[in-house]
Structure formats: C-alpha cells, structure tokens
Amino acid sequence: PLWFLFRGGDEAWIFVEKTAQALTESFSPVQKVSFAPGDYSYERIGVAVSTQASRKVAAGGEVSTGSYYSASTFSGQLRGSLQPIPHVLLSAVYTYNRFWGPGVAGDFAQTHLLLLETRLALSPRLQLVGSFQRDTDGNASVLNARLAWEFLPLSFLYVVVTDTRPAFSAPDAALQELRVVAKLTYTWRP
C-alpha cells in the first residue's frame, strides 16, 4: 500500500498480499512441511528496499511474515550485484524461509537458498553466463553455464553445461547428474 521512489532510482515499499487457494491434493513445498487438501486463505506483510539496478554496485533486501496455508512463516532475502564494467556482472541472492505451526513436522522447518550468477561478455557476440545454486532443503548444488557465440549475423552456437549433485552424502540424496547440450543455428541469406 506504500511505495517510495527516490530521485536516484532507489525504491522502498511496504506490501500486503492476500491469497486464497483450494488444494485438491496434499502439497509439500519443502521437507517437514505438508498441507492437506482443502480451502486456504492466507496473508503476508513485508518491507522491501532496492537500489537502482543499473549502478556499478546495487543491493536490495526484503523481509516478510504472515501465514502460509495453515502455517506461519518468516522470509528474508538479500540481493547484491557488482558490474565494474559493462562486460562483467557478478550477483548474489540469499533467501531464508522459516515455517512453524500447523502443517509443519516438529517445532519449525527452515530453508536456505544461495544463488550466485555471473555474466562475462568478450563482445556482444560472445558471452559466458553462469550460475551456482545451493539449496539446503533439497540437499542440492546446481552449476549451470552457457556459452553463446554469434559467429555470423543471426547464426549461433550454444553450449550449456549443467552439473547437479547432492551437497552432502545422505541416504535419500539425489543422484549426481552432468549434462552437456550444444545447439547450432545457421541463418542462410541468399
């Protein structure tokens, strides 16, 4: 209901969200949290701030609390990016979620999610974009990298590498997976 846009492009706002949802089957968004089928109405209130995204150094954050289906929740997020020159961008996002109350096994459940991203551009025609994601709830680490090369106008070579593995050994851990995909497109002009 309240939004501030500052002269330099920075922003701050307070938000309120109301959601109504009908579950036709059980829903488990994270481990130790499960909601039975039924009709739910829940609310969230929060505060967020963000600097202007095109700056060499940009940052932002958000905190919110409220209900989530039948449980109570708290969420926090921190974001930051560094772009010293137009050809290089480094960014990070950390998200924390905590659930408690009905639908949660035990006193509480919590998740941590870390996302690191980079973009390196030798030129507008040759770029390497990569990300690393660490998820404590899913016990997973995912590395994704994409090389994009426009070798002729509208003709591209893409190479994508994805490496997924459990962050630590556990009996129910996901299997390690490595994928490499290449795509070549050529545009012919008479």
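The values are calculated or read from the model by the stated rules, or taken from the named source; none is laboratory data. As the structure is a computational prediction, the values presented were derived from the model and not from experiment. Cβ coordinates were reconstructed from backbone atoms using ideal geometry, including for glycine residues, and neighbour counts include every protein chain displayed. What goes into the accessible areas is simple: the full protein's heavy atoms, side chains included, and nothing from ligands, DNA or RNA. Shrake-Rupley method; radii C 1.70, N 1.55, O 1.52, S 1.80 Å.
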Most fluctuating residue given options Gly101, Gly76, Gly61, as computed from a GNM of the chain linking Cα atoms under 10 Å: Gly101
Contour excess over end-to-end distance, with Cα ends at Glu17 and Trp149 and 0.36 nm allotted per residue: 43.3 nm
Loop-located chymotrypsin sites (Phe, Trp or Tyr not before Pro) in the stretch 4-63 whose Cβ has at most 14 other Cβ within 10 Å (DSSP): Phe6
Along the chain, longest interval not containing exposed trypsin sites (Lys or Arg not before Pro), exposed being DSSP loop plus at most 12 other Cβ atoms within 10 Å: 57-190
Size of charge dipole - the chain - debye, nearest 20, with Cβ of Lys, Arg +1 and Asp, Glu -1, no other charges: 820
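Given contacts defined as C-alpha pairs under 8 Å and at least six residues apart, what's the relative contact order of the stretch 25-181, whole-number percent? Don't jump to the answer; show the numbers that get you there.
Working: 374 pairs, mean separation 20.8, N = 157.
That works out to 13 percent.
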Distance between modelled label sites at Arg98 and Gln110, nm, 7 Å Cα→Cβ extension: 0.6
The chain: most fluctuating residue of Thr19, Thr65, Thr95 per GNM, C-alpha cutoff 10 Å: Thr19
Loop-located chymotrypsin sites (Phe, Trp or Tyr not before Pro) in the stretch 75-122, at most 16 other Cβ atoms within 10 Å (DSSP): Phe108
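Once the Cβ-Cβ distance between Thr187 and Phe132 is put in as r, and R0 is 35 Å, what FRET efficiency do you end up with, to the nearest 0.05?
With a Förster radius of 35 Å, E is 0.60.
Express the accessible area of the stretch 28-122 per residue in Å², computed with a 1.4 Å probe while the remaining protein chains stay in the model.
Details: 5190 Å² over 95 residues.
Here the residues of the stretch 28-122 average 55 Å² of exposed surface.
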Residue among Ala36, Ala12, Ala58 with the largest mean-square fluctuation in a Gaussian network model of the chain, springs linking Cα atoms under 10 Å: Ala36
Accessible surface of the stretch 1-115 [probe 1.4 Å, protein heavy atoms]: carbon and sulfur percent: 63
Coarse-grained scattering of the chain at q = 0.08 Å⁻¹, given as base-10 log I(q)/I(0) from a Debye sum over alpha-carbon atoms: -0.41
